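Shown next, in structure tokens, is the structure this report addresses.
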Amino acid sequence: MDLHPIESKVIKGLKTLGGKGSASEVAEAGGIEKIQEERFGYSLSEKGFVKLNKNVSDSLKLTKLGEKYLKKGLPERQILDALKTGLKSSKELAEELNIDENAISACIGIFKKNAWADVRKGDKGLVFEITDLGEKLLGRGEFGSLANLDSFGPEQANELKKRGIVENDDTTTYLLELLKEPKTSRGRAIENITPEILKNKSWKGRKIRGYDINAQTQPYFGGTLHPHTLATEKIRRTFLELGFEEMGGNYVESTFWNFDALFQPQDHPSRDLADTFYLKNPEKSRLPEKKYVDAVKRAHEEGTQGSTGWQYDWKRSLAEKPVLRTHTTAVSARWLTKIKPPAKVFCIGRVFRNETVDYKHLPEFTQIDGIVIDENASFRDLLGYLKEFFTRLGFDKIRFRPAYFPYTEMSTEIEVYLKDKKEWIELGGSGLFRPEVTEPLGINVPVLAWGLSIERPLMMSLGLKDIRSFFYKNDLKWLREVPSV
Ligand SMILES: N[C@@H](Cc1ccccc1)C(=O)O
């Protein structure tokens, strides 16, 4: 068996130490300069020559405060010593020992519990008097000493930990033990080829150390796309495969496109500050051509054909307020004025809602909206599109539940079944845009629409408990190991 030069040094070091030693001792004895403790001797243990033991020490060490007390002794010890000459008030003790009165009060519990001193209320505050037990304790010299932490029993040690005087000293040491000595062809084999060896041809007739092609190497991590990016890409591809075109939009949208065009009345609760981020700057958003604005106003005030609308005074000024879009359905609405049927379009992007950040909620997340504008489109087609769309995304069980959205009728919620979680989860909403949405925007054919948010289903499939891991945490270890879904 050929050993790597460093392995030979480890063996040499171990032999010098009589077969056993810590990583740093072995390294020193073997003449190895730089070591990585937790990997030291690993290859030799893999080959069965060395036994490795990891040893986490359970001993204690002094904290900064502990070191301060080391010189003068623990306050309770100092106080007991001072009390040998008679009873003293807490003020007198503080002066004599030059410690503050709080540190003295902190010892009252200890004195009471162990009956080392009596504490009473006197005229000048608290008065301390040493008990017989306290005297005996000092006399026997049994009081634990900070200079020798092993002198404290477990209970006292715990007490000291709580008071911040000692802490666990959890340094890890790696111990090596020589199990058997490898037979080497030392002296004969060339371990490292150097220019000299090549020049003077001294390699001729000699053995050269072979490579161990089964040796462990450092794992290699190439760059990969973030799982969130991979998921959005997959959805984009799925839409493109189904013949959809991508539409673009902006994060800052007018209230008009985010709410009004979608037939949400101006006093609708989801427009509330508590849910929506309004912008101060720009002060106003530009609205589309007058004919669309007037038609949307009419839809709200008196309705379209066969509808009475919401019956209130619609205000342009409210529709002009800029918002961070709360859903990508705003983009779908905007595009209704830009495309001629038949058309299939989709949008993927960030949306924003005024949520308090916790493990389930972020004020920003990703939505996907798709619309199909087609004179022959029906509710059954919508269900068919959804089924096809989600099947292609890898969900084989899909179900629909009746739902309500201000802009669709009929409306459904889409649920998919997660096989490994054995659970149905809600993925998004869908429906046929109401005539109150389509007619004012000049569309007189059915429009199928659906929208979904991707973070929650993605979290479930990746086994993530906390939504913040996506955008804010970027845990490299997780990112390297996460499988793509
Ligand atoms: N915009 C809805 C989803 C939806 C889109 C299109 C039609 C119906 C519903 C949401 O944010 O949840």
Checklist entry - With a sphere of radius 15 Å drawn around the Cβ of GLN305, what net charge do the other residues whose Cβ falls strictly inside it have (Lys, Arg +1; Asp, Glu -1)? => result -3
Checklist entry - When the label point is put 7 Å from the Cα of GLN216 along its Cα-to-beta-carbon vector, which residues of the range 10-50 have a backbone N closer than 17 Å? => result 23, 35-50
Next on the checklist: Ignoring everything except DSSP H segments at least 4 long, calculate the 222 nm mean residue ellipticity for the chain; use -39,500 (n - 2.57) per segment, divide by total residues, nearest 500.
Outcome noted: -9000 deg cm²/dmol
Checklist entry - Considering only protein heavy atoms, what per residue accessible area in square angstrom results for the range 61-166 with a 1.4 angstrom probe? => result 60
Next on the checklist: At 1.4 Å probe radius, can you tell me the per residue accessible area of the range 228-481 in Å²?
Outcome noted: 50
Next on the checklist: If I model a spin label as a point 7 Å beyond the Cα along the Cα-Cβ vector, how far apart are those points for LYS136 and GLU302 in nm?
Outcome noted: 10.3
Checklist entry - Once the other residues with Cβ under 12 Å from the Cβ of GLY66 are scored (Lys, Arg +1; Asp, Glu -1), what is the net sum? => result +4
Next on the checklist: With every protein chain left in place and a probe of 1.4 Å, what is the accessible surface of HIS226, to the nearest 10 Å²?
Outcome noted: 40
Checklist entry - On average over all directions, what projected area in square nanometres does the range 245-364 have, based on the convex hull of its Cα atoms? => result 8.6
Checklist entry - Once fully extended, how much extra length lies between SER202 and VAL445, figured as 0.36 nm per residue of separation less the alpha-carbon to alpha-carbon distance? => result 78.6 nm
Next on the checklist: With +1 assigned to the C-beta of every Lys and Arg and -1 to the C-beta of every Asp and Glu, and no other charges, what is the dipole magnitude of the chain about the Cα centre in debye, to the nearest 20?
Outcome noted: 1940
Item to check | Extension gain (nm, one decimal) between ILE425 and TYR42, 0.36 nm per residue minus Cα-Cα | outcome: 133.2 nm
Checklist outcome for this item: A convex hull over the alpha carbons of the range 318-395 yields, per residue, a volume in Å³ of 136
Checklist entry - How big is D for the range 334-459, in µm² s⁻¹ as a whole number, if Stokes-Einstein is applied with the Kirkwood radius of its Cα pairs at 10 °C and 1.306 mPa s? => result 102
Checklist outcome for this item: Of every hundred units of 1.4 Å-probe accessible area on the chain, the number belonging to carbon and sulfur atoms, as a percent, is 49
Item to check | Rounded if a/c under 1.5, otherwise prolate or oblate - the range 415-464, Cα gyration tensor axes | outcome: prolate
Checklist outcome for this item: Treating only Lys and Arg (+1) and Asp and Glu (-1) as charged, each at its beta carbon, one finds that the range 328-407 has a dipole about its Cα centre, in Debye to the nearest 20, of 80
Checklist entry - What does the charge add up to near THR337, with Lys and Arg as +1, Asp and Glu as -1, over the other residues with Cβ less than 13 Å from its Cβ? => result +3
Item to check | Computed lengthening from ALA147 to TYR417, 0.36 nm per intervening residue step minus Cα-Cα distance | outcome: 90.8 nm
Checklist entry - Short version: what are the Cα gyration tensor semi-axes of the chain, square root of 5 times each eigenvalue, largest first, in whole Å? => result 70, 45, 18
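The values are calculated or read from the model by the stated rules, or taken from the named source; none is laboratory data. Predicted, not measured: the structure shown is a model, and the values here were computed from it. Cβ coordinates were reconstructed from backbone atoms using ideal geometry, including for glycine residues, and neighbour counts include every protein chain displayed. With ligands, DNA and RNA removed, areas are computed over all heavy atoms of the protein, side chains included. Shrake-Rupley method; radii C 1.70, N 1.55, O 1.52, S 1.80 Å.
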